[in-house]
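K.L.:
Pasting a structure here, questions to come.
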Amino acid sequence: MNNTSVMEGSEAVAVAVKACRPHVISAYPISPQTHIVESLARMVAGGELDSQYVRVESEFSAASVISGASAAGSRSYTASSSQGLLLMTEVFYASAGMRLPFVITGVNRQISAPISIQVDHQDTMSLRDSGVIQFYVESSQEAYDTHMAAFKIAEDPGILLPVMVCMDGWILTHSYERITLLEQDEVDGFLPPFQPVNSLDVNDPKSWGSYAEEDMLMEFKYAVHQAMQSGKKRMKEIFTELAQITGRDHGGLIEAYRTEDAEFILVAMGSVTGTVKEAVDELRSEGKALGLIKLRCYRPFPHEDILNAIKGARAVGVMEANFSMGSEGAVSMDLKAKLCGQKDAPLVVSFIAGLGGREININTVRNIVEELEGVAGSDVPQLEPRWVGLNTDILPKGVE
Amino acid sequence: MSTQNLSNDQELFVSGHRACHGCGMSLAVRHILKATGKDVIVVTPTGCLETFTSPYGYSPWRVPWIHHLFENGPAIATGVVAALKAQKRESERVVAIGGDGSTFDIGFGSLSGMLERGDDVLYICVDNGAYMNTGGQRSSASPIYSSTTTDPAGKRSLGKLQKKKDLPTIIAAHGVPYVATASVAYLKDLQKKVKKAMGYHGARYIQIDSTCPSVWGFPSDQTLEVARRGVQSGMVPLFEMEDGEVTKVRKIKKKIPVEEYLKTQKRFKHIFSDADGREEIQTIQALADSNIERYGLLKKTAPQDAEVQD
């Protein structure tokens with residue numbers, strides 16, 4: 001258990017995936033995901049990892065290959081980013097609907113246009129409605145640990161859905177961090193081989209991917225939703241079980257950081273939560289009752305846990321590295337919907353921050369908190385999102 | 001055909017599915033599975049075959065069968081192959097059966113990837129020359145001057161102006177060990193080719209010309225006759241390619257003019273409706289003649305080393 005080394009975030013993920021003994025890996029290159037699948041390819045080439053590694057001609061095929069492999073009863077894995085994840089979208093919807101478990105690392109990167117390789121959460125969050133379970137991590141250590149849990153959650157007979165572990169591109173994938181690794185026997189004890197409920201088998205022929213008319217399609221969709229909703233409990237159990245082995249508890253579906261008695265609470269996802277925690281500590285030491293909810297699980301949306309954690313707060317500021325064009329940040333939309341009609345619900349304000357890799361430092365967080373305090377006192381409804389650090393000087397003429 | 005052959009007990013693709021009367025595709029699939037035997041997993045991309053065989057709760061498939069999406073049949077098949085390999089399930093093989101829309105058009109990238117990697121899949125395209133599942137729209141497999149719903153004949157249109165994509169040649173260029181064409185008119189020949197393809201490992205391809213009474217526009221009892229005329233006219237050359245070389249062709253016993261084929265179908269009706277159509281018929285005749293020449297489909301033009309079948 002005391003196997004600690006300094007490694008790149010991508011390498012930490014590759015090592016975690018290797019320890020999970022996937023039968024099938026399929027990959028297509030895209031930055032900043034590439035180091036993960038390159039690392040896995042080296043492991044296969046070097047004989048350290050006994051997996052079928054399929055090098056495909058597109059992300060669409062990568063997601064399809066692991067879907068086919070999953071249907072035939074094999075644990076399977078891929079990683080992608082940005083446009084690659086969008087190209088996989090159709091596959092994700094179908095595989096979730098067909099209850100095919102597999103794990104994807106979603107290395108976060110913005111979506112074109114303009115083309116850029118910098119980080120934000122628009123790519124993975126665009127898959128919101130697909131039926132894929134999504135976790136977001138703060139550190140590479142958390143990425144390592146969460147991949148172990150991800151396979152177990154995906155393959156749980158009560159869940160059977162694809163699981164995506166989302167990690168910030170570059171900030172996590174390309175930076176070096178001290179990682180404590182599990183021993184193989186610890187991983188094997190936690191994650192036994194995949195035992196599919198159904199699989200393609202000539203000795204027990206079944207038909208998969210049927211056509212469903214209006215008399216039964218709704219029930220299929222409801223079943224996916226229920227697998228997610230009732231799966232929340234199971235996911236927390238799995239995270240607890242893992243924490244007992246690793247000695248590291250990253251939280252369940254959320255991590256509530258200094259939220260008790262907090263007057264103002266920020267909600268954030270991914271690597272930025274490390275910065276926000278520091279800002280919370282600083283502001284707390286200055287006497288401000290501030291807390292953070294780190295959203296570890298985005299789908300299913302853990303509204304029960306969030307509502308519980310924000311009880312008594314005056315205002316919640318959601319830091320969003322995503323934007324739903326024509327509306328606001330997607331997490332605020334979820335949160336407001338769940339709070340609507342709740343007694344003494346706090347004000348929720350959407351802060352669009354960090355799109356396309358725009359820096360978020362402690363001062364940025366301080367400014368957000370200041371703005372949140374300012375609007376919390378007014379009676380004006382906060383219907384418009386607030387764009388953090390928007391440089392109005394470079395906007396085209398006529399754009400307000 | 002004996003009654004024994006019609007018994008569901010013997011079949012891996014049974015009756016009760018929802019194909020149209022006279023569907024060439026359902027006939028082809030039944031005979032494909034007769035040739036493969038039961039130890040196959042079948043992958044079917046979206047299309048007629050998926051739709052008419054999979055209303056939830058019913059299935060004519062007596063082998064494991066999976067449909068996922070329209071454009072990823074080859075990649076799903078690759079995934080199944082990879083899983084079988086990882087699990088050391090050596091006795092099970094994978095067969096993908098798609099239509100021309102998924103094979104020639106939307107799934108072409110996925111197919112090319114599968115062929116280039118040489119994944120152990122027999123990919124069979126049941127080609128009826130248009131998107132029949134959505135009502136007969138143009139595909140790159142539609143023959144020249146056919147009228148389709150998205151490229152219809154009209155006062156200013158002769159229907160499709162491009163030739164059918166020469167997919168078998170493109171597939172052979174990937175360096176795969178076995179490529180063949182077949183027709184629903186010659187089911188024994190079809191079965192023989194499927195059996196032969198199963199004897200190879202790696203990516204293999206069979207393209208079956210499959211008549212569609214509903215969209216081609218002919219009576220549903222003419223499925224085999226129309227298909228036969230396609231072959232006899234040279235419009236549908238039947239051949240086998242092993243390691244990139246044509247090694248066998250099915251000879252045309254008695255060549256018929258393409259008109260004898262075209263006039264059986266409503267999709268070509270417009271080229272018979274005025275005198276101008278003569279030119280189009282001549283163009284099609286020239287294409288059929290060039291097929292006959294290229295593959296040596298008449299006895300006197302057969303290549304010396306190619307085995308001749310009747």
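K.L.:
Pull out a ≥ b ≥ c, the square roots of the eigenvalues of the alpha-carbon gyration tensor of the stretch A:254-394, then state rounded if a/c is under 1.5, prolate if not and a/b is larger than b/c, and oblate in the remaining case.
P.N.:
Working: a/c = 1.26, a/b = 1.10, b/c = 1.15.
Because its axes are fairly even, with a/c under 1.5, the stretch A:254-394 counts as rounded.
K.L.:
Give me the distance between the Cα centres of the stretch B:23-80 and the stretch A:181-232, rounded to whole Å.
P.N.:
21 Å
K.L.:
Calculate, for chain B, the solvent-accessible area per residue in square angstrom, rolling a 1.4 angstrom probe over the heavy atoms of the protein chains.
P.N.:
Numbers: 12760 Å² over 310 residues.
Each residue of chain B exposes 41 Å² on average to a 1.4 Å probe.
K.L.:
Please give the average number of partner chain Cβ atoms lying within 10 Å of the Cβ of each residue in A:18-24, rounded to a whole number. Could the numbers behind the result be given before it?
P.N.:
Numbers: counts 0, 0, 0, 0, 1, 6, 9.
Mean shielding by partner chains, rounded to a whole number: 2.
K.L.:
Run the count for the stretch A:3-246, please: Lys pairs, Cα-Cα under 15 angstrom, 8 or more apart or on different chains.
P.N.:
Values: A:K18/A:K152; A:K152/A:K232; A:K152/A:K233; A:K152/A:K236.
Lysine pairs satisfying the spacing and distance rule in the stretch A:3-246 number 4.
K.L.:
How large is the direction-averaged shadow of the alpha-carbon convex hull of the stretch B:157-201, in nm²?
P.N.:
Values: hull surface 18.0 nm².
Result: a mean projected hull area of 4.5 nm².
K.L.:
Further question on the same structure: Jot down the radius of gyration and Dmax of the stretch A:57-163, Cα atoms only, both in angstrom.
P.N.:
13.3, 42
K.L.:
Specify whether the C-alpha gyration tensor of the stretch A:97-208 places it in the rounded, prolate or oblate class, a ≥ b ≥ c being the square roots of the eigenvalues: rounded for a/c under 1.5, otherwise prolate if a/b is larger than b/c and oblate if not. Walk me through the intermediate numbers first.
P.N.:
On the way: a/c = 3.02, a/b = 1.35, b/c = 2.23.
Judged from the Cα gyration tensor, the stretch A:97-208 comes out oblate (a/c at least 1.5, b/c at or above a/b).
K.L.:
One quarter of the convex hull surface, Cα atoms only: what value does that give for the protein assembly as shown in nm²?
P.N.:
Details: hull surface 145.5 nm².
Orientation-averaged projected area of the Cα hull: 36.4 nm².
K.L.:
What is the P(r) of the stretch A:173-272, as percent of Cα-Cα pairs per 10 Å bin from 0?
P.N.:
10, 22, 31, 23, 12, 2, 0
K.L.:
Could I ask something else about it? Go through the stretch A:20-113 and name the GluC sites (Glu not before Pro) that are in a DSSP coil and have 16 or fewer other Cβ atoms within 10 Å of their Cβ.
P.N.:
For GluC sites (Glu not before Pro) across the stretch A:20-113 that sit outside H, G, I, E and B with at most 16 neighbouring Cβ atoms in 10 Å, the list reads A:E48.
K.L.:
Quick one: among A:A337, A:A313, A:A19, which has the greatest mean-square fluctuation in a GNM of chain A with alpha-carbon springs under 10 angstrom?
P.N.:
Comparing A:A337, A:A313, A:A19 in the GNM, the peak value goes to A:A337.
K.L.:
Which whole number gives the average count of other chain Cβ atoms within 10 Å of the Cβ atoms across peptide B:85-97?
P.N.:
3
K.L.:
Calculate, in nm to one decimal, what A:Y222 and A:E286 gain on full extension: separation in residues at 0.36 nm each, minus their alpha carbon distance.
P.N.:
18.3 nm
K.L.:
In addition: Once phi is turned into ³J(HN,Hα) by the Karplus curve 6.51 cos²θ - 1.76 cosθ + 1.60 with θ = phi - 60°, what whole-Hz value does each residue of the stretch A:215-227 show in order, with x for glycine and proline?
P.N.:
Couplings: 7, 9, 5, 4, 5, 4, 5, 4, 5, 5, 4, 5, 4 Hz.
K.L.:
Roughly what would the spin-label model give for A:I115 and B:E245, points 7 Å off Cα along C-beta, in nm?
P.N.:
Output for this residue pair reads 4.5 nm.
K.L.:
Let me ask you something else. Which aspartates and glutamates, on any chain, are close to B:K163 with Cα under 18 Å apart, when same-chain ones fewer than 8 places away are left out?
P.N.:
Within the straight-line cut-off, B:K163 pairs with B:D100, B:D105, B:D127, B:D151, B:D209, B:E259, B:E279, B:E280, B:D289, B:E293.
K.L.:
Per residue, how big is the convex hull of the stretch A:3-246 when only Cα atoms are used? Give it in Å³. If you can, show how the numbers build up before the last one.
P.N.:
On the way: hull volume 30.7 nm³, N = 244.
Measuring per residue, one finds 126 Å³ for the Cα hull of the stretch A:3-246.
K.L.:
Angle between the Cα long axis of helix A:82-97 and the longest principal axis of chain A, 0 to 90 degrees, nearest 10?
P.N.:
Compared with the principal axis, the helix lies near 70 degrees.
K.L.:
Another question, if that's okay. Treating the angle as unsigned and between 0 and 90°, give the value, to the nearest 10°, between the Cα long axis of helix B:187-198 and the longest Cα principal axis of chain B.
P.N.:
Here the helix axis deviates by roughly 50 degrees.
K.L.:
To the nearest hundred square angstrom, how large is the accessible surface buried between A and B, total for both chains, probe 1.4 angstrom? Write out the running numbers ahead of the final one.
P.N.:
Numbers: alone 17600 and 14180 Å², together 28920 Å².
Buried area (both sides, nearest 100 Å²): 2800 Å².
K.L.:
While we're here: So which lysines can A:K288 reach, going by Cα to Cα under 16 Å and dropping same-chain residues fewer than 8 places off?
P.N.:
Excluding near neighbours in sequence, the set is A:K277.
K.L.:
Can you list residues whose amide H is under 5 Å from B:A203's amide H, if they're 5+ apart or on another chain and H is modeled 1.01 Å from N?
P.N.:
Residues meeting the amide H criterion: B:G118, B:D119, B:V121.
K.L.:
Can you give the local net charge around B:L33? Use residues other than it whose beta-carbon is closer than 13 angstrom to its beta-carbon, Lys and Arg +1, Asp and Glu -1.
P.N.:
+4
K.L.:
Roughly how many percent of the accessible protein surface of chain A is carbon and sulfur, given a 1.4 Å probe and a whole-percent answer? Working shown, then result.
P.N.:
Working: 8140 of 16160 Å².
Answer for chain A: carbon and sulfur cover 50 percent of the accessible area.
K.L.:
Is it possible to state the helix-based mean residue ellipticity at 222 nm for chain B, with each DSSP H run of 4+ residues giving -39500 (n - 2.57), the sum divided by total residues, to the nearest 500 deg cm²/dmol? What is it? Don't jump to the answer; show the numbers that get you there.
P.N.:
On the way: 10 runs with 100 residues, N = 310.
Calculated mean residue ellipticity at 222 nm is -9500 deg cm²/dmol.
K.L.:
Another question, if that's okay. Any chance you could give the angle, 0 to 90 degrees and rounded to 10, that helix B:73-86 forms with the longest Cα principal axis of chain B?
P.N.:
20 degrees
K.L.:
Each residue of the stretch A:238-250 in order: what ³J(HN,Hα) in whole Hz does its phi give by Karplus 6.51 cos²θ - 1.76 cosθ + 1.60, θ = phi - 60°, with x for Gly and Pro?
P.N.:
After applying 6.51 cos²θ - 1.76 cosθ + 1.60, I find 5, 5, 5, 4, 5, 4, 5, 7, 7, x, 10, 10, 8 Hz.
K.L.:
Here is a follow-up. Whole-Hz ³J(HN,Hα) for each residue in the stretch A:392-400, computed from phi via Karplus 6.51 cos²θ - 1.76 cosθ + 1.60 with θ = phi - 60°, x for glycine and proline: what do you get?
P.N.:
Result, rounded to whole Hz: 6, 5, 9, 6, x, 4, x, 8, 7.
K.L.:
Hey, what does the equivalent ellipsoid look like for the stretch B:3-309, semi-axes from the Cα gyration tensor as sqrt of 5 times each eigenvalue, largest first, whole Å?
P.N.:
Calculated on Cα positions only, the semi-axes equal 30, 22, 19 Å.
K.L.:
How big is the Cα convex hull of the stretch A:1-78 in projection, averaged over all directions, in nm²? List each step's numbers first, then the result.
P.N.:
Numbers: hull surface 22.1 nm².
The directionally averaged projection comes out at 5.5 nm².
K.L.:
In peptide B:46-58, what is the residue-averaged number of other protein chain Cβ atoms found within 10 Å of each Cβ? Don't jump to the answer; show the numbers that get you there.
P.N.:
Details: counts 3, 0, 0, 0, 3, 1, 1, 3, 6, 5, 11, 4, 3.
The mean count of partner-chain Cβ atoms within 10 Å per residue comes to 3.
The values are calculated or read from the model by the stated rules, or taken from the named source; none is laboratory data. Just so it is clear, the structure is predicted and the values come from calculations on it, not from any experiment. Backbone-built Cβ (ideal geometry, glycine too); neighbour counts: all protein chains shown. Remember, those area values only see protein heavy atoms, side chains included, never the ligands or the DNA or RNA. Shrake-Rupley method; radii C 1.70, N 1.55, O 1.52, S 1.80 Å.
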